[in-house]
Each structure stands twice: as C-alpha cells, then as structure tokens.
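A short write-up of the structure that comes next.
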Amino acid sequence: MSDHRNVAFTGISVDREALIANYATVADQVAPSGVIAVVKADAYGHGALHAAQAFVDAGAEWLGVADIDEALALRDGGIDVRILAWLHAPDEDFERAAAENITPAVSSVDQLNAAVAAEVSSVHLVIDTGLSRNGAVESEWAELFDAAGSLQRRGERTRIEGVMSHLANASRDDDLEQDATLRRALDGLAAHGIVPEIVHLAASAASLAVPETRRDLARVGIALYGLSPFAGRTSADLGLRPAMTVTASVLRTVRVRAGEGVSYGYTHRASTDTTLAIIGLGYADGFDRAYGNRVSVSIGGQRFPVVGRVAMNAMHVDIGDADVRVGDEVVLWGDPATGVPAVEEWADAIGTINYEVVARLGRLLERRTL
Ligand SMILES: Cc1ncc(COP(=O)(O)O)c(C=O)c1O
C-alpha cells in the first residue's frame with residue numbers, strides 16, 4: 001500500500017527576503033560607502049546565483065568573488081552587474097575575464113600585464129597591508145605602481161579603476177594600522193599619476209565596527225547572509241536575519257535499550273531505553289564528524305541532542321519518548337528568533353566560526369530559495 005505521509009525537505013532553504021533585508025540594513029549602515037556583495041564559495045554555502053540575484057534585486061551594483069570561475073558562473077546565470085574577482089591561478093590569462101566584462105583585482109606586475117594583454121577594461125590593484133595573502137607587499141609597490149603608471153600613460157585600454165586591501169580583523173588598532181598602510185600605498189600611486197576612482201578595504205567586521213576603514217565601497221559577505229562576524233554579538237544584535245535554514249526529514253526511528261551503543265565507535269551509549277531518529281545528513285554533506293554529542297536539533301519546536309558520531313551520510317538524534325514520526329522535519333539550524341538552533345551553536349561545538357560551518361556545506365546538498 002502506498003504511503004502518503006508528508007516528508008520534510010532535506011537540505012538548505014534560503015530566505016530571499018532575509019537576504020534582501022540584510023542588504024538594505026548593511027547598505028544603510030555603511031552609507032555613503034557603497035557595497036560589494038561578496039558571493040564567493042557559493043555565497044557562503046547559500047547558493048551563489050540565487051543569492052547574487054537577491055542582492056542585485058536589493059540594489060547591489062557590485063558583486064565580489066574569489067576567482068574568475070565563480071564570476072563566469074554568475075554571468076552564465078544572467079547576472080550583469082559589475083563583478084570583481086581577486087584570487088587567480090598563476091597561469092590565468094584573463095581572456096575569460098575580458099570576454100565577460102569581469103574586473104580582476106591584480107596583485108602583481110605579471111597579473112597586471114596579463115590583464116592588459118587580454119584587454120580587460122578595468123582592474124583593481126590589490127595591496128597587502130598586513131594580511132600576508134594576496135596583494136603586493138610594500139617591497140613590491142614601487143615596481144607595481146611604476147607599471148601601472150606607465151600603462152596609464154601609454155593609454156592602454158585597461159584602466160586602473162580601483163585599489164583594494166583586506167583586513168586581518170586582529171584588533172581595532174591593527175585595522176587602523178592597515179588603513180594607514182593603505183593610505184601610504186595610495187600616496188605612492190598618486191606619485192605615479194594614478195588616483196583610483198574606487199578604494200575598498202573593510203569587510204563585514206570593520207564595516208560595522210571600525211567605520212574609519214570604510215572607503216568608497218565595503219566588501220561585505222557574512223553580514224549579508226544575516227550572520228554576525230563578531231564572537232560576542234548575535235545576528236539580532238546587528239539587526240540581521242540569518243537567511244539559511246538547514247532541515248532534514250526523519251528517515252527512520254530505532255528503539256534502543258539502556259546501555260546500547262550508538263553509531264561508530266560507541267562514543268555514546270543510551271542511558272535509558274530511548275528512541276533514535278536517523279537523519280540523512282553526514283560528513284559527506286559537510287557536517288563535521290565531531291558534531292556528535294555536542295549539538296542539538298529542533299523537532300516540532302523541541303530540542304533533542306545529536307548522539308554518537310556523525311557518519312558519512314547520517315546522524316542520530318535521541319528523541320526519547322517524543323511523538324516523532326518518519327518524515328517529520330528536523331531543523332539543524334536557522335534563525336534563532338524562531339526558536340531553532342543558531343548556526344553559531346554548531347560552530348562553537350567544534351571550535352570554529354559560523355563562516356566555516358555554512359561555507360563547508362556540500363555543493364550537492366539540495367538548496368531551495370523561499
Ligand atoms: C577579499 C575579501 N573581501 C571581503 C570578504 C568578505 O568578508 P566578510 O564575510 O567577513 O564580510 C572576504 C571574505 O573572506 C574576502 O576574502
């Protein structure tokens with residue numbers, strides 16, 4: 001006999017209205033600076049195309065991604081606003097960027113020359129002011145600024161439109177020191193005849209907490225997804241709404257006796273006779289194996305612990321004697337204002353940050369926009 005019970009959605013639901021509202025909140029706070037909406041890493045796990053479209057609908061004129069592949073995927077999806085990409089393979093020739101009007105942020109003379117050779121219409125220069133990642137370090141500035149100055153004098157098609165750097169978020173003083181270093185770099189560029197139209201430095205944390213570091217644009221990622229970049233401040237404290245809810249359906253329930261072991265390695269044993277609900281999400285989907293015995297989920301508005309080790313495709317929830325049925329919805333995390341766990345509970349459980357928890361979610365997990 002066929003069974004017509006409702007089966008809850010397993011995967012990631014993204015609240016488009018929350019993305020739009022968060023964009024408006026952030027844009028308002030950083031004004032008169034504009035916003036580059038950062039949608040790298042599949043929009044921090046939220047689904048790049050839908051998130052990008054929501055931000056564009058909210059008024060975004062710029063999107064930011066790590067690499068040109070991500071930028072091209074947005075163009076393929078019909079996104080036509082400005083896109084900046086700042087991390088490139090050593091052999092990147094920028095032809096693809098030129099063809100799709102993507103703006104590369106370049107860190108070296110080699111990258112600048114490649115972008116010019118590809119006839120990219122505009123570039124931003126990446127200056128390292130203390131993160132020690134990409135970006136020209138101070139000892140490389142003279143050569144880079146010289147190359148930039150001479151390409152401008154030659155009247156090449158490629159315009160030096162912007163200058164960017166990225167903060168280490170170590171402390172307010174460190175941020176301000178990086179800001180001062182950026183100012184030195186801009187003075188150096190000016191001495192080579194280049195005054196960029198657009199300068200951008202701050203990401204979410206500094207945009208919200210160190211307003212002195214806001215320049216023409218703020219490159220904002222995590223806050224747009226409704227998550228807080230600060231350890232001691234929640235989304236609600238910042239007027240933001242988490243856009244992501246992760247749910248699963250109960251695949252089956254298993255009755256166990258007191259003393260019986262649960263999942264691999266028996267890291268948990270039932271303390272009383274109880275019932276386990278099995279859900280079909282595991283470390284292959286980006287849920288850390290170490291979540292076992294450290295987090296809880298919400299079913300029907302009640303909290304229940306995840307017990308035993310998270311497996312590749314499954315985890316166990318101890319539902320006691322609650323009336324939980326196969327197909328019921330299990331909320332792993334979402335907007336805590338609705339009573340469900342916050343993603344930060346999952347992050348804290350394994351000693352990481354909300355960024356990592358959402359960005360690591362499997363690309364094959366189903367995503368739907370609500
Ligand atoms: C260069 C750059 N800018 C901006 C961001 C956005 O940062 P956040 O998510 O903290 O706003 C990132 C993300 O790591 C980045 O790499």
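The values are calculated or read from the model by the stated rules, or taken from the named source; none is laboratory data. Owing to the predicted nature of the structure, the values given are computational and were not obtained by experimental measurement. Neighbour counts are summed over all protein chains in view; Cβ atoms, including those assigned to glycine, are modelled from backbone coordinates with ideal geometry. Surface accessibility is based on the protein's heavy atoms, side chains included, excluding ligands, DNA and RNA. Shrake-Rupley method; radii C 1.70, N 1.55, O 1.52, S 1.80 Å.
Taking 0.36 nm per residue of separation and subtracting the Cα-Cα distance, full extension of the segment from GLU197 to LEU176 would add 5.4 nm. Fully extending the segment from THR275 to ALA142, taken as 0.36 nm per residue of separation minus the present Cα-Cα distance, adds 41.1 nm. As a length-normalised measure over Cα pairs under 8 Å and 6 or more apart, the relative contact order of region 32-226 settles at 19 percent.
For ARG16 and ARG257, what is the calculated FRET efficiency with R₀ set at 35 Å and r taken between the beta-carbons, to the nearest 0.05? Numbers along the way, then the final one.
On the way: r = 46 Å, r/R0 = 1.32.
Given R0 = 35 Å and the Cβ-Cβ separation, E is 0.15.
Projected onto planes of every orientation and averaged, the convex hull of the alpha-carbon atoms in the chain covers 20.7 nm².
For the chain, give the magnitude of the charge dipole about the Cα centre (Cβ charges: +1 Lys/Arg, -1 Asp/Glu; no others), in debye to the nearest 20. Before the final figure, lay out each step's value.
Details: 32 positive and 51 negative charges, 207 e Å.
About 1000 debye.
The antiparallel fraction among DSSP beta bridges confined to the chain stands at about 50%.
Please state the relative contact order of the chain as a whole percent: Cα pairs under 8 Å, 6+ residues apart?
About 18 percent, as a whole number.
Surface analysis of the chain yields an accessible area of 44 Å² per residue, using protein heavy atoms and a 1.4 Å probe. Considering only alpha-carbon pairs that sit under 8 angstrom and 6 or more positions apart, the relative contact order computed for region 180-229 is 29 percent.
On the basis of the beta-carbon distance and an R0 of 30 Å, ALA284 and ASN101 show a calculated FRET efficiency of 0.20. Packing around the peptides 75-83, 280-288, 201-209, taken as the average count of other Cβ atoms within 10 Å per residue, puts them in this order, highest first: 201-209, 280-288, 75-83.
Add -39500 (n - 2.57) for each DSSP H run of 4 or more in the chain, then divide by its residues: what number comes out at 222 nm, to the nearest 500 deg cm²/dmol? Write down the numbers at each step before the final one.
Details: 11 runs with 109 residues, N = 370.
Helix contribution divided over all residues of the chain: -8500 deg cm²/dmol.
Using only the alpha-carbon atoms of region 50-132 as identical scatterers, what base-10 log of I(q)/I(0) does the Debye formula give at q = 0.11, 0.21, 0.23, 0.27 Å⁻¹? Relative scattering, expressed as log10 I(q)/I(0), comes to -0.29, -0.92, -1.05, -1.31. Placing +1 on each Lys and Arg Cβ and -1 on each Asp and Glu Cβ, with no other charges, gives region 244-369 a dipole about its Cα centre of roughly 360 debye.
Just flag the trypsin sites (Lys or Arg not before Pro) in region 222-317 sitting in loop per DSSP whose Cβ has no more than 13 other Cβ atoms within 10 Å.
Values: sites: ARG233, ARG252, ARG255, ARG257, ARG269, ARG289, ARG294, ARG303, ARG309; in loops: ARG233, ARG257, ARG294, ARG309.
Sparse-neighbourhood loop trypsin sites (Lys or Arg not before Pro): ARG233, ARG257.
Here the accessible area of the chain is 48 percent carbon and sulfur, with a 1.4 angstrom probe and all protein chains present. Projecting the Cα atoms of GLY149, PHE94, THR213 onto the charge dipole of region 32-226 (Cβ charges, centred on the Cα centre) puts THR213 farthest toward the positive pole.
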